[in-house]
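Below you'll find the structure, written out as structure tokens, and then a few comments.
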Amino acid sequence: MNEKLKNVTIKNLLTHTLGLSERTYLKQFGNNKDDIIRGLLNDDLQYEVNSTVAYSNRG
């Protein structure tokens with residue numbers, strides 16, 4: 001797991017301040033919930049958590 005994600009909150013997810021690129025597609029990690037969660041937890045962050053708002057409505 002990416003160490004930078006240890007203190008991520010639901011608020012980070014809801015306010016788009018998690019640090020993921022706005023170009024991140026959930027489906028790039030797989031087609032089921034477990035693969036998507038595993039992919040997100042191991043993905044490199046593009047920004048420090050809480051430093052940038054990166055909104056995307058991609059699925």
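Over all directions, what mean area does the Cα convex hull of the chain project, stated in square nanometres?
For the chain, averaging the hull's shadow over all directions gives 3.7 nm².
Per residue, how many Å² of accessible area does the chain show with a 1.4 Å probe?
77
Ignoring ligands, DNA and RNA, what percent of the accessible area of the chain is carbon or sulfur (1.4 Å)?
Taking all protein chains in place, the chain shows 49 percent carbon and sulfur surface.
The values are calculated or read from the model by the stated rules, or taken from the named source; none is laboratory data. Worth saying up front: this structure is predicted, and the values here are computed from it rather than measured. Ligands, DNA and RNA are excluded from the accessible area calculation, which covers all protein heavy atoms including side chains. Shrake-Rupley method; radii C 1.70, N 1.55, O 1.52, S 1.80 Å.
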